[in-house]
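The values are calculated or read from the model by the stated rules, or taken from the named source; none is laboratory data. Because the structure is a prediction, the values reported are computed rather than measured. Don't worry about glycine lacking a Cβ; one is built from the backbone with ideal geometry, like all the others, and counts go over all protein chains shown. To get the accessible areas, we keep the full protein, side chains included, count just its heavy atoms, and leave off ligands, DNA and RNA. Shrake-Rupley method; radii C 1.70, N 1.55, O 1.52, S 1.80 Å.
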Amino acid sequence: MERGRLLAPFPPREKATTRVCMVSSFATELLEIRSREPSPPLHVLVIPGNPGIVGFYKDFVEALYENLGGQASVTAIGHISHGQKDCEHGRLFSLQEQIDHKVDFLEQEVLHTEQSIILVGHSIGAYIGLEIFKRLQKKVNFFVGLYPFLSLNKSSMKQSTIGYIARSSLLSKGVSLLASFIGSLQPSVTRSIVRRFLGSSWSAAAVDAGCSHLLQYHTMHNVLFMAKTEFLKLHEIPDWNFIRAKQDQIAFLFGVDDHWGPLAHMEEISKHAPGVALLVEKEGHTHGYCCTEAGSFWVADYVANLIKNQMIIRDT
């Protein structure tokens, strides 16, 4: 056998591409991989947490597509005004507006096709995903919530601190200005700061997204405003009637030590909707799983196996 054939590498992983599309007149960043099949049966929509920056999900989107054997298109959709450019000229967007935006995207891009929809929501994206599911019940086939933020955790000091900053217009603007200042430094300095204070274990893709998107005044201001509206909304009791009615089409992944989605919340779900598929991840990944390659690969494998077990697509 020829030496070149002996050393032939594995095929490179399919790369996700970024594009900007207009959704209800709002510039929207998408990170996507289109299925290799001419008429794919499935479209997986990944809904980010807050910040809603699709670049944080690059490794996850690519690994999920690969684990599904290219049979499904996979798209991560960014939140309005969490992008690199301030296309909305400083306007702030609430949690409800971000929910409406995702519904508008699906109506514009997917609902006219024959594809079934799988919703994968991370953190507050899990809450957004459930709200989308309620409004598009005939089209959504399955919903997966990853490290879900569905209600407030009153014992979390971090949530209390973020809530305090988000409620103060002055503090929100101050934090946003600081983020903008760090983002304006020499790229090597900015990367070093991000590595040291935000993500010492972050992947290269996550560091790039943090530097280019998060450290923008308009993005950070929107992150905090959205958080303010989240904390107001999540005082409400979850819609247990809906979750119970759709429990065979819902799954949640929780972390061992996650203040955004503590295990007490998982126990509440189990009590109200025992048919929901629940799993506790014990591999040592964190709430920000998508910012590390190991976390992205593990969670992508979990989501892909859920989809295959639902027999939505064939196991390759």
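Would you kindly calculate the translational diffusion coefficient of segment 134-191, applying Stokes-Einstein with the Kirkwood radius from alpha carbon pairs, for 20 °C and a viscosity of 1.002 mPa s, and quote it in µm² s⁻¹ without decimals?
140 µm²/s
Give me the compactness ratio for segment 112-247, meaning the Cα radius of gyration over 2.2 N^0.38 Å.
Taking the Cα Rg and dividing by 2.2 N^0.38 Å, one obtains 1.26.
Considering the Cα positions of segment 14-133, please state its Rg to one decimal place and its Dmax as a whole number of Å.
For segment 14-133, the Cα radius of gyration and maximum Cα-Cα distance read 13.5, 41 Å.
Rg and Dmax of segment 172-316 over Cα atoms: what are they, in angstrom?
Gyration radius and largest Cα-Cα distance of segment 172-316: 18.8, 53 Å.
Could you give me the percent of Cα pairs per 20 Å distance bin for the chain, shortest bin first, beginning at zero and ending with the bin that holds the maximum distance?
Percent of Cα pairs in each bin: 33, 59, 8, 0.
With all pairs of different alpha carbon atoms counted, what Kirkwood hydrodynamic radius in Å does segment 74-157 show?
The answer is 14.1 Å.
How big is the Rg/Rh ratio for segment 191-267, C-alpha atoms only, Rh by Kirkwood, two decimals?
Using Cα coordinates only, the ratio equals 1.08.
How much accessible area per residue does segment 29-117 have, in Å², with a 1.4 Å probe?
For segment 29-117, the per-residue accessible area is 33 Å².
Taking H placed 1.01 Å from N in the peptide plane, check which residues at least 5 places from His122 or on another chain put their amide H under 5 Å from its amide H.
Under 5 Å from the amide H of His122 lie the amide H atoms of Ile47, Gly49, Leu146, each far enough along the sequence or on another chain.
What whole-number value in Å² describes the accessible area per residue of segment 146-196 for a 1.4 Å probe?
That works out to 61 Å² per residue.
What number, rounded to the nearest 500 deg cm²/dmol, is the helix-based mean residue ellipticity at 222 nm of the chain, given -39500 (n - 2.57) per DSSP H run of at least four residues and division by all its residues?
After summing the helix terms and dividing by residue count, I get -13000 deg cm²/dmol.
Averaged per residue, what accessible area in Å² does segment 231-316 show with a 1.4 Å probe, protein chains only?
For segment 231-316, the solvent-accessible area averages 53 Å² per residue.
Quick one: with all protein chains in place, what share of the accessible area of the chain is carbon or sulfur, to the nearest percent (1.4 Å probe)?
55 percent
Viscosity 0.692 mPa s, temperature 37 °C: what is the translational diffusion coefficient of segment 243-309 from Stokes-Einstein with a Kirkwood Rh over Cα pairs, rounded to a whole number of µm²/s?
The estimated diffusion coefficient comes to 259 µm²/s.
Output the peptides 122-132, 145-155 sorted from most to least packed, where packing is the average of other Cβ atoms within 10 Å over each peptide's residues.
Ranked from most to least packed, the peptides come out as 122-132, 145-155.
For the chain, build the charge dipole from Cβ charges (+1 Lys, Arg; -1 Asp, Glu) around the Cα centre, then report which of Gln71, Ser39, Leu224 sits farthest towards its positive end.
After comparing all options, I get Leu224.
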